Amino acid sequence: MRYHAPATFDEAIAIAAGASGVTRYLAGGTDVLVQLRAGMVTPDDLIDLKKIPGTHDITRLPDGGWRIGIAVSGAELGAHAELVADWPGVVEGMELVGSTQVQGRATLTGNLCNGSPAADSVPGLVAAGATVTIQGPNGTRELPVEQVPVKPGKTALEPGEIITAITLPARGKSAGDAYLRFIPRTEMDIAVVGCAVSLVLDGDKVTAARISLGAVAPTVLLVQDCADAIIGTTLDDAALDKLAAAASAAAKPISDKRGPKEFRVDVAGVLARRAAKIAYERAKA
Amino acid sequence: MSKIHVQATVNGDSVEFLADPRETLLDCLRDHLDLTGAKEGCGTGDCGACSVMLNGRLVSSCLVLGVEAEGAEISTIEGMADGNELHPLQRKFIEHAALQCGFCTPGFLVAAKALLEKNPDPSESEIRFWLAGNLCRCTGYDKIVRAVQDAAAEMRGAA
Ligand SMILES: Cc1cc2nc3c(=O)[nH]c(=O)nc-3n(C[C@H](O)[C@H](O)[C@H](O)COP(=O)(O)OP(=O)(O)OC[C@H]3O[C@@H](n4cnc5c(N)ncnc54)[C@H](O)[C@@H]3O)c2cc1C
Ligand code: FES
Ligand code: FES
């Protein structure tokens, strides 16, 4: 295994593009090192991106959005009061990843690129309408987060491509988001179902919404039927019932040791209802 | 496999070692620097026995590569006592019998110290949540939590 610590993305891409064997990028390493130790994946080239200037920064954009560097850890994200005020759901998704020790290292980008359908920070990013900037040998492109995972463990990134930043849109007024997951323990476990809701209000009425489900399909889902169930409503009981039914209908989980299919389908509806209420309260606050 | 020269600061001292790129920071601390206080319980980030501070953040040193430590500031359990003077957390762990085999103890102490630096007056649930990534197979967690609460109270009194 060769370890590289390039000083620029261009240099990192050149190394990746020239590598013929197994290549991994190193952000927080909390997936890469576990896979290395378990003998699952031993990269020939390991490219540490953390020494690239700017990768640890969280920056407010001129339009009110946010640009999050690819080496920002969960702990750093949670310590950024202004970002937490804008996007509490995005941050609480990331903060559910692992223990305090894991939080000191793990990143949003690593969580996304590891490609687990149960990744806890991904539904929040999808509901928020986050995008990633991808740089590669053929230039730069922008992709919505929901288009990054293509199947478990696989992303839409081409060889040599690297995510250089995550962008969150401007939050605006009267808006809120939330993420909830179900796990059998209270912490340090993998989501059986995850659900994120982001919505915008005009007075009491929902004018825009994005709802995302994790761990109930090969990749994260963005469910338009869930959004349609609550847009134009005041999130009354009838709207919440429709939302829960739409979430359960969209969930296409497998049965595994963490939960049978029927249970996950039901829980998807329960979490959608609860997360929507929290997002609504946050939008009102 | 060519080794990489790494220079870092550990407990205030400048250190150098040669690391195979696959070696973890935990391996390097234990095998190259003879700092065997941090333990390997799992090697996969689950148990916290290998907890150290890396550039001011609590991390599991089994999930950090030694070569990543270039230029870093690291603190380990070996730097916790001031000469023969134990840190209040260390004293309270002994007083409350918050250890049996002791394998998990260095990790708990490093993690608890990081908590008290951030939050000098944590609630019981804040302590339990912060320490959720530290596993103990013998003592049970109540004595550990009480030792941390007691140390926190003493440290607040002294401040
Ligand atoms: C004890 C423990 C508990 C955990 N608990 C949870 C949990 O509750 N929920 C959860 O979702 N996850 C959990 N995880 C998994 C892991 O911590 C997360 O997936 C984490 O966010 C990964 O981020 P990282 O920065 O450590 O990624 P890394 O391990 O550094 O990288 C992960 C993958 O992303 C790729 N990558 C990284 N950066 C880039 C980039 N800029 N461009 C392209 N590809 C890139 C790498 O090549 C690699 O394949 C846990 C892990 C451990 C060890
Ligand atoms: S040995 Fe590092 S967390 Fe268990
Ligand atoms: S005292 Fe033995 S593992 Fe905690």
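The values are calculated or read from the model by the stated rules, or taken from the named source; none is laboratory data. This one's a predicted model, so the numbers in the text were calculated from it and none came from an experiment. Glycine also receives a Cβ, built like all others from the backbone with ideal geometry; neighbour counts cover every protein chain displayed. Ligands, DNA and RNA are stripped out before the accessible areas are found, and what is left, the full protein with its side chains, is counted by its heavy atoms. Shrake-Rupley method; radii C 1.70, N 1.55, O 1.52, S 1.80 Å.
May I ask you to verify whether A:Ala71 is away from ligand 2 (no atom under 16 Å from the Cβ), surrounded by fewer than 24 Cβ atoms within 10 Å (Cβ to Cβ), hydrophobic (A, V, I, L, M, F, W, C) and outside any helix (DSSP H, G or I)? Quick ask: steps written out before the conclusion?
Values: away from ligand 2 (no atom under 16 Å from the Cβ): yes; surrounded by fewer than 24 Cβ atoms within 10 Å (Cβ to Cβ): yes; hydrophobic (A, V, I, L, M, F, W, C): yes; outside any helix (DSSP H, G or I): yes.
Yes; evaluated as a whole, the condition is true for this residue.
Being without any contact (Cβ under 8 Å) to a residue 24 or more places away in the chain, open to solvent by less than 50 Å² (accessible area, probe 1.4 Å) and away from chain A (no Cβ under 14 Å) is true for just one of B:Ala98, B:Ala147, B:Ala132, B:Ala153. Which residue is that? Let's see the steps before the verdict.
On the way: B:Ala98 fails: without any contact (Cβ under 8 Å) to a residue 24 or more places away in the chain; B:Ala147 fails: without any contact (Cβ under 8 Å) to a residue 24 or more places away in the chain; B:Ala132 fails: away from chain A (no Cβ under 14 Å).
Being without any contact (Cβ under 8 Å) to a residue 24 or more places away in the chain, open to solvent by less than 50 Å² (accessible area, probe 1.4 Å) and away from chain A (no Cβ under 14 Å) holds for just one of B:Ala98, B:Ala147, B:Ala132, B:Ala153, which is B:Ala153.
For residues that are more than 19 Å from A:Gly176 (Cβ to Cβ) and free of Cβ contacts under 8 Å to residues at least 24 places away in the same chain, scanning just the range A:63-82, find the one that is farthest from ligand 1 (Cβ to nearest atom).
Applying the filter and picking the extreme gives A:Ala79.
Specify the residue that is farthest from the chain's Cα centre (by Cα); the eligible residues are those in the range A:23-41 that are more than 10 Å from ligand 1 (Cβ to nearest atom) and more than 8 Å from chain B (Cβ to nearest Cβ).
A:Gly39
Residue-by-condition table, conditions (1) out of contact with any Asp or Glu (no Cβ under 7 Å at 6 or more places or on another chain); (2) assigned to a helix (DSSP H, G or I); (3) surrounded by fewer than 14 Cβ atoms within 10 Å (Cβ to Cβ); (4) of a type in the set (Gly, Ala, Ser):
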| site | (1), (2), (3), (4) |
| --- | --- |
| A:Pro218 | yes, no, no, no |
| A:Ala238 | yes, yes, yes, yes |
| A:Lys242 | yes, yes, no, no |
| A:Ile254 | yes, no, no, no |
| A:Ala268 | yes, yes, no, yes |
| A:Arg274 | yes, yes, no, no |
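Run down B:Val59, B:Val67 and say which single residue is open to solvent by less than 10 Å² (accessible area, probe 1.4 Å), within 7 Å of chain A (Cβ to nearest Cβ) and touching a residue at least 40 places away in the same chain (Cβ under 8 Å).
Being open to solvent by less than 10 Å² (accessible area, probe 1.4 Å), within 7 Å of chain A (Cβ to nearest Cβ) and touching a residue at least 40 places away in the same chain (Cβ under 8 Å) holds for just one of B:Val59, B:Val67, which is B:Val67.
Any residue at all in the range A:105-115 that's open to solvent by 10 Å² or more (accessible area, probe 1.4 Å), more than 8 Å from ligand 1 (Cβ to nearest atom) and either touching a residue at least 24 places away in the same chain (Cβ under 8 Å) or more than 12 Å from chain B (Cβ to nearest Cβ) (or both)?
no
Among the residues in the range B:45-56, are any away from chain A (no Cβ under 14 Å) and more than 16 Å from A:Arg37 (Cα to Cα)?
Residues of the range B:45-56 that are away from chain A (no Cβ under 14 Å), as a first pass: none.
No, the conditions are met nowhere in the range B:45-56.
Closer than 15 Å to A:Ser198 by Cα, more than 16 Å from ligand 2 (Cβ to nearest atom) and either in contact (Cβ under 8 Å) with a residue 12 or more places away in the chain or of a type in the set (Ser, Thr, Tyr) (or both): which single residue out of A:Ala165, A:Ala85, A:Ala119, A:Ala170 fits that description? Explain how you work it out, then say what you get.
Numbers: A:Ala165 fails: closer than 15 Å to A:Ser198 by Cα; A:Ala85 fails: either in contact (Cβ under 8 Å) with a residue 12 or more places away in the chain or of a type in the set (Ser, Thr, Tyr) (or both); A:Ala119 fails: closer than 15 Å to A:Ser198 by Cα.
Only one candidate qualifies: A:Ala170.
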